[in-house]
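S.K.: Structure below; questions to follow.
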Amino acid sequence: QVQLVESGGGSVQAGGSLRLSCAASGHTFSTRAAGWFRQAPGKEREFVAAINYNGGSTHYADFVSGRFTISRDNAKNTMYLQMNSLKPEDAAVYYCAAADFSWVVTRTTEFDFWGQGTLVTVSS
């Protein structure tokens with residue numbers, strides 16, 4: 001079992017930056033791929049970024065356009081999402097997730113463990 005807790009959300013102005021963290025409990029996090037998803041009000045949860053078990057491979061949604069960086073520190077059992085040049089359309093609840101796979105996966109159905117989410121608001 002893996003438990004995930006997100007932090008770092010908040011309110012920023014357009015163009016600003018935030019760094020989200022995802023702290024994992026359990027000794028298997030370092031063997032699992034992980035990812036970030038987001039869900040805005042009235043919309044479906046969508047993929048943002050994913051990383052393989054050791055951080056050597058990453059994948060991003062097209063809308064990220066080089067603005068976000070996913071990373072992980074397995075010694076700390078923590079994953080990060082650095083978000084720069086934030087736009088109002090980036091406002092959402094951001095969720096971290098861990099998969100049973102070690103390679104990068106991107107679909108919600110491929111992730112078995114989810115955090116509770118952290119809210120990001122972006123004002124124009």
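Since every read-out is calculated from the coordinates, none of them should be taken as a lab result. Quick caveat, the model's predicted, so the values are computed rather than measured. Ideal geometry is used to build each Cβ from the backbone, glycine not excepted, and the neighbour counts take in all protein chains shown.
S.K.: For region 31-113, which strands (runs of 3 or more DSSP E) that fit wholly inside it have 1 or more residues that are crowded, with 16+ Cβ neighbours inside 10 Å and touching a Leu at 6+ places or on another chain (Cβ under 6 Å)? Can you show your working first?
M.R.: Details: elements: 34-39, 46-51, 58-60, 68-73, 78-83, 92-99.
Passing ranges, in order: 34-39, 68-73, 78-83, 92-99.
S.K.: Looking only at region 1-29, count how many residues are hydroxyl-bearing (Ser, Thr, Tyr) and crowded, with 17+ Cβ neighbours inside 10 Å.
M.R.: Matching residues across region 1-29 total 1.
S.K.: So Gln116 ticks every box in (1) over 13 Å from Phe37 (Cβ atoms); (2) surrounded by fewer than 15 Cβ atoms within 10 Å (Cβ to Cβ); (3) touching a residue at least 24 places away in the same chain (Cβ under 8 Å) but one. Which box is left unticked?
M.R.: For Gln116, the failing item is (1).
S.K.: I need the full set of residues from region 114-124 which are closer than 18 Å to Gly26 by Cβ and either in contact with a Pro (Cβ under 6 Å, 6 or more places away or on another chain) or part of a strand (DSSP E or B) (or both), in order please.
M.R.: Within region 114-124, just Trp114 meets the criteria.
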